[in-house]
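> A single structure is presented below for examination.
The values are calculated or read from the model by the stated rules, or taken from the named source; none is laboratory data. This is a predicted model, so every value here is computed, not measured. So basically every Cβ, Gly included, is an ideal-geometry build from the backbone, and we count neighbours across all protein chains shown.
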Amino acid sequence: MEGLYDVIILGGGPAGLSAGLYAGRSRLKTLLIEKGAPGGQIALSADVENYPGQVLDGETGFTLSARMAEQCARFGVERVTDTIRAVQLDGAEKRLTGGKGEYRARTLIIATGASPRPIGCENEKEFVGRGVSYCATCDGAFFRGLEVCVAGGGDSAVEEAIFLTRFARQVTVIHRRDTLRAAKSIQERAFANPKIRFLWDSVVARVDGNEAVEAVTVRNVRTGETTVLRAPEEDGMMGLFGFVGYLPNTELFAGKLELENGYIRTDGDMRTEVPGVFAAGDVRVKSVRQVVTAASDGAIAAIQAERFISDSL
């Protein structure tokens with residue numbers, strides 16, 4: 001992991017892996033830095049049904065991202081697991097400092113993605129890991145035979161609610177509007193599932209319990225009326241899963257790049273205002289955040305990085 005790389009890709013989700021594939025095929029000396037397992041948020045998804053060319057039966061976010069990572073390795077992309085603590089973007093060399101050392105490259109592609117947004121209810125932090133979760137794939141099995149609530153109404157929320165019915169006795173979807181924002185095909189599956197019920201025009205106000213979540217207080221946004229959903233006494237606990245959006249992972253770049261609501265601004269070629277620095281995927285300002293658009297961003301960023309290097313020689 002020594003020397004000067006042509007491209008460093010920060011982040012191992014679909015955008016970063018796609019960028020790695022295109023950079024590797026261009027014979028660029030490429031390093032992909034990730035802080036965990038490859039795949040990012042998509043690796044936690046139990047089902048993937050909208051990525052072109054996917055395996056039709058049994059495709060998960062983990063299997064899709066694993067194949068992407070294999071493609072990168074096939075074209076010589078180096079990978080390291082590290083947490084980057086500081087970045088220097090000015091000048092001909094971009095420098096990243098992590099727990100394992102310093103990394104240098106002619107260009108940088110930022111694909112750090114986004115993390116789940118907190119639900120925003122009272123006592124939420126106190127019960128994270130004790131009934132409050134943001135990952136159905138990670139924690140769904142802990143609620144086998146119990147009742148759970150899901151906050152949110154988009155694709156992720158409804159898809160994860162459907163997934164949770166594999167374990168939970170009942171799943172209550174709590175949505176602040178009177179209609180879901182999820183794709184129609186996903187809605188149809190949810191409405192047809194007898195284990196799922198819906199609380200419309202509602203938000204989670206607070207969670208309570210002793211060792212684990214035992215009650216979820218829901219407030220109707222139209223009437224102000226509150227309802228307390230309690231775990232049956234024989235269960236002793238219940239779950240609350242939050243899928244109310246994401247927060248971009250851009251803390252490293254505050255004051256170094258132009259941000260809009262925390263997201264990195266780019267042009268259509270993924271270029272930031274700093275020469276040689278590109279951003280791709282959920283971390284950048286965009287209207288659609290899907291696996292397919294993240295992969296597209298990564299491909300464009302890598303192609304533009306190769307052109308930047310060629311023009312600089």
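> With Arg222, Arg206, Arg181 as the choices, which residue is in a loop (DSSP other than H, G, I, E, B), in contact with an Asp or Glu (Cβ under 6 Å, 6 or more places away or on another chain) and of a type in the set (Lys, Arg)? Give the derivation first.
Values: Arg206 fails: in a loop (DSSP other than H, G, I, E, B); Arg181 fails: in contact with an Asp or Glu (Cβ under 6 Å, 6 or more places away or on another chain).
Just one listed residue meets the conditions, Arg222.
> Do any residues in segment 143-156 that are in contact (Cβ under 8 Å) with a residue 60 or more places away in the chain and of a type in the set (Phe, Trp, Tyr) have Cβ atoms under 6 Å from those of residues that are in a strand (DSSP E or B) and buried (at least 22 other Cβ atoms within 10 Å of the Cβ), where the two are at least six apart or on different chains, and which pairs are they?
Phe143/Gly239
> Is there a residue in segment 168-177 that is in contact (Cβ under 8 Å) with a residue 12 or more places away in the chain and more than 16 Å from Leu240 (Cβ to Cβ)?
The initial filter retains those residues of segment 168-177 that are in contact (Cβ under 8 Å) with a residue 12 or more places away in the chain, namely 168-177.
Keeping just the survivors that are more than 16 Å from Leu240 (Cβ to Cβ) gives 177.
So far as segment 168-177 goes, yes, one or more of its residues are in contact (Cβ under 8 Å) with a residue 12 or more places away in the chain and more than 16 Å from Leu240 (Cβ to Cβ).
> Let me ask something else. Find the strands (runs of 3 or more DSSP E) located wholly in segment 93-159 whose residues include 2 or more that are among the basic types (Lys, Arg) and either modelled with pLDDT under 95 or more than 18 Å from the chain's Cα centre (by Cα) (or both), and list them. So that I can check it myself, show each step before the final result.
Working: elements: 94-98, 101-110, 114-116, 147-151.
Here the list reads 94-98, 101-110.
> OK, next. Is at least one residue of segment 300-313 buried (at least 23 other Cβ atoms within 10 Å of the Cβ), β-branched (Val, Ile, Thr), assigned to a helix (DSSP H, G or I) and touching a residue at least 24 places away in the same chain (Cβ under 8 Å)?
No, there is no match, as no residue in segment 300-313 is buried (at least 23 other Cβ atoms within 10 Å of the Cβ), β-branched (Val, Ile, Thr), assigned to a helix (DSSP H, G or I) and touching a residue at least 24 places away in the same chain (Cβ under 8 Å).
> Pull up segment 273-288, narrow it to residues that are part of a loop (DSSP other than H, G, I, E, B) and in contact (Cβ under 8 Å) with a residue 40 or more places away in the chain, then point me to the one that is surrounded by the fewest Cβ atoms within 10 Å (Cβ to Cβ).
Here is the first cut: in segment 273-288, the residues part of a loop (DSSP other than H, G, I, E, B) are 273-276, 280, 285-288.
Going one step further and asking which of them are in contact (Cβ under 8 Å) with a residue 40 or more places away in the chain, we end up with 274, 276, 280.
On the way: Val274: 16, Gly276: 23, Ala280: 34.
Within segment 273-288, the match that is surrounded by the fewest Cβ atoms within 10 Å (Cβ to Cβ) is Val274.
> For Phe243, indicate whether it is touching a residue at least 24 places away in the same chain (Cβ under 8 Å), crowded, with 16+ Cβ neighbours inside 10 Å and more than 23 Å from the chain's Cα centre (by Cα). Break it down into steps so the answer makes sense when it comes.
Values: touching a residue at least 24 places away in the same chain (Cβ under 8 Å): yes; crowded, with 16+ Cβ neighbours inside 10 Å: yes; more than 23 Å from the chain's Cα centre (by Cα): no.
In short, no.
> Right, another one. Select, from Glu70, Glu122, Glu93, the only residue that is of a type in the set (Asp, Glu), in contact (Cβ under 8 Å) with a residue 60 or more places away in the chain and over 20 Å from Ala279 (Cβ atoms).
Values: Glu70 fails: in contact (Cβ under 8 Å) with a residue 60 or more places away in the chain; Glu93 fails: over 20 Å from Ala279 (Cβ atoms).
Result: Glu122 is the single residue among Glu70, Glu122, Glu93 that is of a type in the set (Asp, Glu), in contact (Cβ under 8 Å) with a residue 60 or more places away in the chain and over 20 Å from Ala279 (Cβ atoms).
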